[in-house]
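To start, the structure itself, in structure tokens.
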Ligand SMILES: [Zn+2]
């Protein structure tokens, strides 16, 4: 079972109270971008076995979006954090390093 | 003028807990800066209550102030008072970034009481409702089987539950089934 803690309202709830919103920290390429950039933005997603960063929405709760770092294989959640950030904050990265030394994800490590 | 009625028209059911429609209640969604002194003052002036803390429910005789999210409250008042309460909020918060909207007719308001009340809800919501974990004055928005719902527990041990009016029948029948004699689990006993 996947258990997430919403950083907006503090509820620790199980997966069905939330809704997954896909990969986190995407840079959007829209009008004016090249076909390659747009294709990569739209279709080329990370699909790791292990450390992953995702967007989640507390849809049956406070309604807010937030980001989560978790292990896709064990469902262990390393931490949840504000959606108003461009990269995983240090405390989240440190929490992952403590459990999964040497992890990398896109340009982050 | 139409004659407003609640979706369940006062229906009740007595199983190992009592499920009852609480009828029409004035409900106002208030969004804005909950820390602002104007919001605090107008919530006090209209409901007699303070701005609740995170996931807290404050209730008075016919009023309640419920914490919905970091920038949203649900205020309750008598059904007939909604227009005047909204007018007071709009006057008090003029110039601020806020929203006050009447949602009274978009909601159903139920009460779940009796010794089995915790268990009836615990069967249909993914929430730790043990007496140690869920105490009076706590407010929780969650999933109730297939629909969103929100509830708080009062000092007398009764739950007050708000859900969408459009699924009133589903919500009532769901709780009724959960409270059906013979379905006691006795987990909190
Ligand atoms: Zn939340």
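What follows draws every value from the coordinates through simple rules; no lab data is involved. Quantities reported herein were computed from a predicted structural model and do not represent experimental measurements. Glycine also receives a Cβ, built like all others from the backbone with ideal geometry; neighbour counts cover every protein chain displayed.
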FRET efficiency estimate (nearest 0.05) - Cβ-Cβ, residue A:34 to residue A:85, R0 30 angstrom | 0.65
Compactness check, the range B:1-53: C-alpha Rg relative to the 2.2 N^0.38 Å globular estimate gives 1.68
Cα gyration tensor, the range B:26-105 - rounded (a/c under 1.5), prolate or oblate | rounded
Grab the DSSP H runs of chain B that are 4 residues or longer, score each as -39,500 (n - 2.57), total them, divide by all residues and round the 222 nm result to the nearest 500 deg cm²/dmol.
-> -6000 deg cm²/dmol
Calculate how steeply helix B:168-178 sits against the longest principal axis of the alpha-carbon atoms of chain B, using the helix alpha-carbon long axis, and give the answer as 0 to 90 degrees to the nearest 10.
-> 40
Can you give me the relative contact order of chain B as a percent, contacts being Cα pairs under 8 Å and 6 or more apart?
-> 25
Given a cut-off of under 8 Å on Cα pairs at least six residues apart, what relative contact order in percent is computed for the range B:26-105?
-> 42
Relative to the present Cα-Cα distance, how much length would full extension add between residue A:72 and residue A:27 at 0.36 nm per residue of separation?
-> 14.0 nm
Taking neighbour Cβ counts within 10 Å as the exposure measure, how do B:76, B:27 sort from fewest upward?
-> B:27, B:76
Plugging the Cβ-Cβ distance of residue B:128 and residue A:95 into 1/(1 + (r/R0)^6) at R0 = 30 Å yields, to the nearest 0.05, a FRET efficiency of 0.80
What's the average, rounded to a whole number, of partner chain beta-carbon atoms within 10 Å of each residue's beta-carbon in A:8-20?
-> 4
How much length, in nm to one decimal, is gained on full extension between residue B:147 and residue B:37, taken as 0.36 nm per residue of separation minus their Cα-Cα distance?
-> 36.1 nm
Taking a ≥ b ≥ c as the square roots of the eigenvalues of the Cα gyration tensor of chain A, is the shape rounded (a/c under 1.5), prolate (a/b larger than b/c) or oblate?
-> oblate
Cut-off 14 Å (backbone N to label point 7 Å along Cα→Cβ of residue B:184), residues of the range B:114-143 | B:114-120
The computed P(r) of chain B puts the percent of Cα pairs beyond 19 Å at 58
Kindly put B:185, A:11, A:51 in sequence by how many other C-beta atoms sit within 10 Å of each C-beta, fewest to most.
-> B:185, A:11, A:51
Relative to the present Cα-Cα distance, how much length would full extension add between residue B:79 and residue B:170 at 0.36 nm per residue of separation?
-> 30.4 nm
What's the exposure ranking of B:66, B:24, going from fewest to most Cβ atoms within 10 Å?
-> B:24, B:66
Expressed as a whole number of Å, what is the distance separating the alpha-carbon centroids of the range B:73-124 and the range A:16-69?
-> 33
Report the equivalent ellipsoid semi-axes for the protein assembly as shown in whole Å, largest first, defined as the square roots of five times the eigenvalues of the gyration tensor built from alpha carbon atoms.
-> 38, 26, 18
At residue A:5 and residue B:90, where each label point lies 7 Å from the Cα along Cα→Cβ, what is the point-to-point distance in nanometres?
-> 4.2
Folded to 0 to 90 degrees: helix B:82-92 orientation relative to chain B principal axis, Cα = 40
Rg to Rh for the range B:93-136: what is it, with Cα atoms only and Rh by Kirkwood?
-> 1.21
Mind pulling the angle between the C-alpha long axis of helix B:37-47 and the longest principal axis of chain B? Nearest 10 degrees, somewhere in 0 to 90.
-> 60
